[in-house]
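Structure first, commentary second.
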Amino acid sequence: MKKIICLLMMAAHLSACATYESRSVSFRPPQDYVNYQDVAGMQVGAEAFVDRQQAEDAFGFNVRDAGLLPVLVVIDNKSGQGIEVVSGQTFLIDNSNRYWKLLSNREAVDRVDKATQAGAITSGAGKGAAWGAAAGALLGLAIGIVSGHDAGSSLVKGGVLGGVGGAVIGGASKGDDREREYKIADDVREKGMEGKIMAAEALASGFIFFPGEAESVKELRLQVRFRESGTVRTLNLRLK
């Protein structure tokens, strides 16, 4: 019985201490992508992370289940001026020739935040006090039995004791879940390219996010603005 108690305590501890770690995403030079283009010295290539496992490997959580379809854009900016993505005129085109509007980083983070709170994208998230109280009740029952009480008495007294302890465990889990939510949201914001300026002579990579409702990808219609000249250019990059 003592072993059971130890196992229950370990399980509760592991549930409360689940953590999230940001992952770095490697990329290739623009010339290595099949859709590579060079426009006025801006060299660009792109890759869609439509596959769920590939996307999860890149972000460390189920980003597709959070309602996002990430597209990695790599730019080697040799144009001599800063470049920015024109969000309102950048679209993902799916296999049905439907256009999907780019999500702002704020919209992307909001989707991730809601999915994380619902426990949809990380194992163990969202269980909170309910799981903690149940585990605590079992722990209390085990303690009651070890103390020499009959099963019925242990079920009531030990269950009440464990329920109180479980609520504490669950509360700690909720705090850890919220910390995880902040980390995930910050990671999505940091990886996003929308709203950022790519300096001249810089090699930059980042994700632009589209609604996860798009289940397929065919082409990226990417519009960029050259900051100094004000020139706007539109590129169509095949994604498959």
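Once all protein chains are placed together, Tyr182 keeps about 130 Å² accessible to a 1.4 angstrom probe. Each principal axis of the Cα cloud of the stretch 23-73 was taken in turn, and the coordinate range along them, longest first, works out to 37, 19, 15 Å. Taking label points 7 Å from Cα along the Cα-to-Cβ direction, Lys101 and Val39 give a separation of 2.1 nm. In this structure the amide hydrogen of Ser104, modeled in the peptide plane, comes within under 5 Å of no amide hydrogen from residues 5 or more places off or on another chain. For Ser26, the accessible area of its heavy atoms, probed at 1.4 Å with every protein chain present, is near 100 square angstrom. The gain in end-to-end length when the Lys218 to Arg28 segment is fully stretched comes to 66.4 nm, 0.36 nm per residue minus the alpha carbon separation.
Just report the Cα centroid separation between the stretch 188-240 and the stretch 39-89, whole Å. Going from one Cα centre to the other spans 6 Å. Couplings 3J(HN,Hα) for the stretch 204-210, derived from phi with the Karplus relation 6.51 cos²θ - 1.76 cosθ + 1.60 (θ = phi - 60°), are 10, 9, x, 9, 10, 10, 10 Hz, where x marks Gly and Pro. Here the label points at Gln117 and Asp186, each 7 Å from Cα along the C-beta direction, are separated by 2.0 nm in the simple model.
The values are calculated or read from the model by the stated rules, or taken from the named source; none is laboratory data. Computed from a prediction, not measured in an experiment: that's the story for all the values here. Glycine also receives a Cβ, built like all others from the backbone with ideal geometry; neighbour counts cover every protein chain displayed. Just the protein is used for accessible areas: all its heavy atoms, side chains included, with ligands, DNA and RNA removed. Shrake-Rupley method; radii C 1.70, N 1.55, O 1.52, S 1.80 Å.
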